[in-house]
1. Can you list residue pairs whose Cβ atoms sit under 6 Å apart, with the first residue in region 16-37 being without any contact (Cβ under 8 Å) to a residue 60 or more places away in the chain and the second being aromatic (Phe, Trp, Tyr)? Count only pairs 6 or more apart in sequence or on different chains.
2. Please work out if GLY66 is surrounded by fewer than 16 Cβ atoms within 10 Å (Cβ to Cβ) and closer than 28 Å to LEU229 by Cα.
3. Restricting to region 183-201, what's the tally of residues that are farther than 24 Å from GLU18 by Cβ and not in a loop (DSSP other than H, G, I, E, B)?
4. If we keep just the residues of region 136-150 that are modelled with pLDDT of 95 or more and either of a type in the set (Val, Ile, Thr) or in contact with a Leu (Cβ under 7 Å, 6 or more places away or on another chain) (or both), which is nearest to GLU90 (Cα to Cα)?
5. Condition first: surrounded by fewer than 21 Cβ atoms within 10 Å (Cβ to Cβ), at pLDDT 95 or above and in contact with a strand residue (DSSP E or B) (Cβ under 6 Å, 6 or more places away or on another chain). Can you find one or more residues in region 113-120 that meet it?
6. Limited to region 1-15, what total is found for residues that are closer than 23 Å to ASP156 by Cα and either part of a loop (DSSP other than H, G, I, E, B) or without any contact (Cβ under 8 Å) to a residue 24 or more places away in the chain (or both)?
7. Scan region 202-223 for residues that are touching a helix residue (DSSP H, G or I) at 6+ places or on another chain (Cβ under 9 Å), without any contact (Cβ under 8 Å) to a residue 60 or more places away in the chain and part of a helix (DSSP H, G or I) and report the count.
8. Can you name the residue in region 142-172 that is within 26 Å of ARG119 (Cα to Cα), of a type in the set (S, T, N, Q) and within 15 Å of the chain's Cα centre (by Cα) and, of all such residues, is surrounded by the most Cβ atoms within 10 Å (Cβ to Cβ)?
Amino acid sequence: MAHKIEIIPAILPKDFGELEEKVGLIQGLVKTVQVDICDGQFVPNATWPYRKHDDSFEKIVHEDEGLPAWEKLNYEFDLMVNHPEKVVDEWVQAGATRIIIHIESKGDVAGAVQSLAGRVDIGLALNIETSIEELQVPSYKLQEGNIQFVQLMGIDRIGFQAQEFDEKVIGRVKQVRLKYPGLPISIDGGVSLDNARQLIEAGADRLVVGSAIFESDNFIEALEKFKRLSK
């Protein structure tokens, strides 16, 4: 039986202006947007607010300003950063609904998860070559409900959009679905209309889509085509 799929546009903002621009495009069309945050260390690329200093993030954290369309959108932050335990509180304060932490990050990943428990939905992201068995690390407390979803990366070179999709992730979705039947699975990286149906049939619940929406000739039409996949 078909299951409902959530389509989440992904923004990789070089600066706050790009975040505002792209949020403006999809505002009112989706419930949730993913913002990719790269520190330039965990991945070579750096995005807002790490790419160049401006005070927009500090203003948001201190509630002097809000995220674009924050009253109408849920924000999911994909933290491609080292030492996530040092920064997760700021992203909660900024208005995160969900926070994604990468298992491969340097630092105290389990500590970051524990500090977020009960405050926001937590996702653990796994790179394409990382064993699914890593989810069983006891300190993540997946079985106790600390983790609300897993995000499987569909590309090898994370932190960059328009990367080639790695079909290995389809088998990985099936692995996770078999091992954790009730755990929502999100796919990020390389998702397109060409592979979306395979991912859904394998058991994916959420498709995070960047360039296939924002770099299409008609982003509204592209987004609607993704939405129709789960109907």
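The values are calculated or read from the model by the stated rules, or taken from the named source; none is laboratory data. Worth saying up front: this structure is predicted, and the values here are computed from it rather than measured. All Cβ positions, even for glycine, are placed from backbone atoms using ideal geometry, and neighbour counts span all protein chains on display.
1. PHE16/TRP48; VAL35/PHE77; ILE37/PHE77
2. On the way: surrounded by fewer than 16 Cβ atoms within 10 Å (Cβ to Cβ): yes; closer than 28 Å to LEU229 by Cα: no.
The answer is no for GLY66.
3. Looking only at that region, the number is 7.
4. Restricting to residues being modelled with pLDDT of 95 or more and either of a type in the set (Val, Ile, Thr) or in contact with a Leu (Cβ under 7 Å, 6 or more places away or on another chain) (or both), the top hit is ILE147.
5. yes
6. Result for region 1-15: 3.
7. 3
8. The extreme case among them is GLN151.
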